[in-house]
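Values in this text are rule-based calculations from the coordinates and carry no lab data. These numbers come from a predicted model, not from an experiment. Backbone-built Cβ (ideal geometry, glycine too); neighbour counts: all protein chains shown.
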Amino acid sequence: MKVGISLTTNYPDAADPRQGARCIIERAAAARRAALDSLFVGDQHVSPTPYYQNTPILGRLLAEWGEAPAGCLFLLPLWHPVLVAEQIGTLAAIAQGPFIMQCGLGWGDDRFAAMGVNIRTRPSAFEEALDIVRRLLAGETVSSSRRFHITGASLALRPAEPVEVWIGASAPPAIDRAARLAEGWIASPGLTREEARVQADLYRDRCAAYGKAPGAIVLRRDIYVGESSADARAVLQQAVSRGYRGIPAEALIAGSAEEVAERFRSFAEFGYTEISVRHLTNDQPKVLGSLQRLAAVRAAVAQA
């Protein structure tokens with residue numbers, strides 16, 4: 001099993017926005033020192049709190065990263081697909097290792113309205129956008145007159161190697177879409193243990209139905225690796241007391257390095273190939289300490 005990180009790029013605590021950016025950069029450097037297997041950032045628009053946008057922040061973070069895979073999430077219905085392909089072409093050229101495109105449908109009526117997009121057509125817009133992006137990355141000249149009106153678009157700066165696509169999905173139709181269209185699937189951070197098992201089984205079943213071998217089966221988890229069990233419990237209790245992201249306490253992982261590794265290994269039994277972590281706290285020293293200890297977790301689960 002691999003262990004990667006999805007860096008939090010929503011940073012509401014900093015009075016100076018440059019401070020938040022510096023904290024994110026420090027975390028990327030710490031993730032490299034921990035030899036984590038992948039680095040990703042998310043995607044959000046018209047956020048009520050300061051959110052560092054995916055493509056510029058990842059371009060900066062790649063200077064701290066190495067040859068392990070990296071990528072970012074695109075909520076495809078909220079983007080023009082030619083722009084997505086152009087951004088990937090540039091980021092993949094900066095990256096020293098493989099670039100992975102994560103993507104999802106997006107959510108929130110207010111966000112779609114702010115971006116001038118009809119939320120009711122997001123599934124068809126998603127599939128059309130993904131098809132256009134892939135064709136552009138493959139060197140095709142693309143025209144389209146469906147959700148996106150494009151005439152004779154092409155991409156001169158393309159990745160040196162194929163770009164894998166991982167789709168984040170929770171509802172059964174969306175998991176089916178991931179099995180049909182992508183090289184990997186990302187499970188929600190809010191899944192309980194039983195829900196994680198059921199959804200992994202469903203994803204593999206749908207891959208089989210399409211005659212495909214499952215690719216990356218990735219589980220998002222919000223975690224904290226403590227100096228001790230007591231330290232970890234204190235961080236977890238504080239997060240739960242604040243209703244952490246609306247995620248059930250059962251889905252959160254906090255403990256010593258040994259305890260976190262054991263929890264991770266339990267998901268390998270369900271067929272998950274990678275855990276992509278996010279931290280339960282935004283306290284910079286605690287996050288950096290947790291990342292340092294995450295190196296031992298990664299080493300412990302590498303054979304799982």
Quick one: dipole size for the chain, taken about the Cα centre, charges +1 on Lys/Arg Cβ and -1 on Asp/Glu Cβ, in debye to the nearest 20.
-> 220
Please go through segment 196-302 and write out the GluC sites (Glu not before Pro) that DSSP classes as loop and that have at most 15 other C-beta atoms within 10 Å.
-> Glu227, Glu269
Please name whichever of Gly139, Ile223, Gly184 sits farthest to the positive end of the charge dipole of the chain, dipole taken about the Cα centre and charges placed at Cβ: Lys and Arg +1, Asp and Glu -1.
-> Gly139
Hey, of (i) 1.02; (ii) 0.98; (iii) 1.42, which did the structure itself give for Cα Rg over 2.2 N^0.38 Å when calculated?
-> (ii)
In order through segment 203-208: 3J(HN,Hα) via Karplus (6.51 cos²θ - 1.76 cosθ + 1.60), integer Hz, x for Gly, Pro = 4, 5, 4, 6, 4, 4
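Residues with beta-carbon under 15 Å from that of Thr281, excluding Thr281: net charge, scoring Lys, Arg +1 and Asp, Glu -1? The partial results should precede the final answer.
On the way: positive: Arg27, Arg221, Arg233, Arg242, Arg245, Arg278, Lys286, Arg293; negative: Asp13, Glu26, Asp222, Glu227, Asp231, Asp283.
Net charge in that neighbourhood comes out at +2.
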Compute the signed sum of charges (Lys and Arg +1, Asp and Glu -1) over the other residues within less than 12 Å, Cβ to Cβ, of Ala28.
-> +3
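At most 10 other Cβ atoms within 10 Å and a DSSP loop assignment: could you name the GluC sites (Glu not before Pro) in segment 1-75 that fit? Present the calculation step by step, with values, prior to reporting the outcome.
Values: sites: Glu26, Glu64, Glu67; in loops: Glu64, Glu67.
Listed in order of number, the matching sites are Glu67.
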Show the residues, 5+ positions off or on another chain, whose built amide H is closer than 5 Å to the amide H of Ala187.
-> Val218, Leu219, Arg220
So for the chain, taking the charge dipole from beta-carbon charges (+1 Lys/Arg, -1 Asp/Glu), which of Ile5, Ala129, Val301 sits furthest toward the positive end?
-> Ala129
Phi-derived 3J(HN,Hα) across segment 250-258 with the Karplus relation (6.51, -1.76, 1.60, θ = phi - 60°), rounded Hz, x for Gly and Pro, is 4, 8, 8, 10, 9, x, 5, 4, 5
Computed ³J(HN,Hα) along segment 109-122: with the Karplus parameters 6.51/-1.76/1.60, θ = phi - 60°, integer Hz and x for glycine or proline, the list is 4, 5, 5, 5, 5, 5, 8, x, 10, 7, 5, 6, 9, 5
For the chain, set up a Gaussian network in which alpha carbons nearer than 10 Å are linked by springs, and say which option among Arg158, Arg111, Arg221 fluctuates the most.
-> Arg111
For Thr55, net neighbour charge (Lys/Arg +1, Asp/Glu -1) across residues whose Cβ lies under 15 Å away | -1
Within segment 97-161, which chymotrypsin sites (Phe, Trp or Tyr not before Pro) sit in a loop by DSSP and count at most 13 neighbouring Cβ atoms inside 10 Å?
-> Trp107
Normalised by the residues of the chain, what does the relative contact order come to in percent, with Cα pairs under 8 Å and at least six apart?
-> 19
What share of all Cα pairs of segment 1-122, in percent, falls into each consecutive 10 Å distance bin?
-> 13, 42, 34, 11, 0
